[in-house]
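Read-outs: derived from the displayed coordinates by stated rules, not from any lab. As the structure is a prediction and not an experimental result, all values here were calculated from the model. A quick note on method: Cβ atoms are made from the backbone with ideal geometry, for glycine too, and the neighbour counts reach across all protein chains shown.
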Amino acid sequence: MITPVAEVGYAEATWILIAKSIVIFLGVFLIVPVLTVVERKLIGRFQHRYGPNRVGPVGMMQPLADILKLVGKQVFRPDAAVPLLYAIGPALVIFSGITTIAILPFGDVKDGVGFYGIDVSIGVLYFFAFGSLAFYGLLLSGWSSGSKYSFLGAMRSAAQLISYEVSMGLALLGAVMMAGSLSLVSIVEAQGEIWYVVPQFVGFLIFMIAGFAETNRAPFDLPEADAELVQGYQTEYGGSRFASFLLAEYLEMFVVSGIAAAFFLGGWMGPGPGWLDPIWMVTKIMALIFVFIWIRATLPRLRYDQLMSLGWKVLLPLATLNILVTAVLVVVT
């Protein structure tokens, strides 16, 4: 018995699938240069200073200079490192980000082509299954580096990801119950009358807070805290391998924003003709990424005990209560 990879009601041509794969890979390597310069420019404005302004017109070529610098650095590893695992760690993190981007829906089916990589019937489970691979990448990278700072960063990352992934999953469950489907495309289509950010506002807030922790972004960037851990799990990495972690961080931020847009902000829904669908989706993702950057420029890093208390004592009970209330309302109505 062959289990279908996707339930889309039609079979796409092989060349379409190949074209989608190429677009996804090209998009992945365009995300980082764009988001790095956007973040540095915005943080400069938030903090009343200049961002990049020397390389290229108004500093727009700064990401290219950074990439060339990192790629040109000598590749090395510590003597105490475990060679195979040291190399596998960054690759796992990148693989996790690329596979999760594939399920983000940027539009409905038009002329037999879906504006998404794949529409799996278990989209939410797919997101958590492949998204969790990043956890193993960070853990392997920290442990295999042979450094106490890297190891402590890996342990922090493990505890943080496990703690907040529970709340993140429960936050999405309310939208899943309302839509009656695990497919991201079906969940977006179910928001034709009202976006789920209204009835599921608590779930949206919980998901976004947990998303900050899942992506190791400030104020939850304790696994790579420079003050006490130098750079955490990536302390012993340099050059292109360090760039891999940088790429993965921005990929994860993009994916979390895309999932939030699809589940709570109506995905590609918006006024105007159908060809605007991808533009609406990208606009919503960029708006949420703006919030990520805004928070980073505003809030200080939490203490580790505050991080754990927020996850287990605040977010988890709230997410559970939100599911119970949603279940009662879905059954009654």
Below 8 Å, C-alpha to C-alpha, sequence gap of six or more: please give me the relative contact order for segment 114-230 in percent. 31
Order the peptides 66-78, 96-108 from the highest to the lowest mean number of other Cβ atoms within 10 Å of their residues. 96-108, 66-78
Looking at segment 170-255 from every direction and averaging, what is the projected area of its Cα convex hull in nm²? 7.0
For the chain, set up a GNM with springs between Cα atoms under 10 Å and report which of Val185, Val255, Val291 has the largest fluctuation. Val291
Quick check: Cα centre of segment 130-200 to Cα centre of segment 67-111, how many Å? 18
Enter the Cα centre distance for the pair segment 295-333 and segment 10-56, rounded to the nearest angstrom. 30
Note on the chain: contact order normalised by length, alpha-carbon pairs under 8 Å, 6 or more apart, percent, works out to 22
1/(1 + (r/R0)^6) with r = Cβ-Cβ of Val332 and Val291, R0 = 35 Å, i.e. FRET efficiency to nearest 0.05, evaluates to 0.55
Could you list Leu30, Leu247 so that the one with the fewest beta carbons within 10 Å of its beta carbon is first and the one with the most is last? Leu30, Leu247
Identified option (computed mean projected area of the Cα convex hull in nm²; candidates (1) 17.8; (2) 19.5; (3) 16.2): (2)
Under a 5 Å amide H to amide H cut-off, with H placed in plane at 1.01 Å, what residues pair with Leu104 once short-range neighbours are removed? Gly117
Most mobile of Val188, Val230, Val256 per a Gaussian network model of the chain (Cα springs, under 10 Å)? Val230
Could you rank the peptides 13-23, 232-242 by their average count of other C-beta atoms within 10 Å per residue, with the highest value first? 232-242, 13-23
Which residue, chosen from Val314, Leu84, Leu299, occupies the Cα position most advanced towards the positive end of the dipole of the chain, where the dipole is computed from +1 (Lys, Arg) and -1 (Asp, Glu) charges on Cβ about the Cα centre? Leu299
Using a Gaussian network model on the chain with a 10 Å cutoff between Cα atoms, which of Asn216, Asn53, Asn322 fluctuates the most? Asn53
So if each residue of separation counts as 0.36 nm, and I subtract the Cα-Cα distance between Leu324 and Ala13, what length gain in nm does that give? 107.7 nm
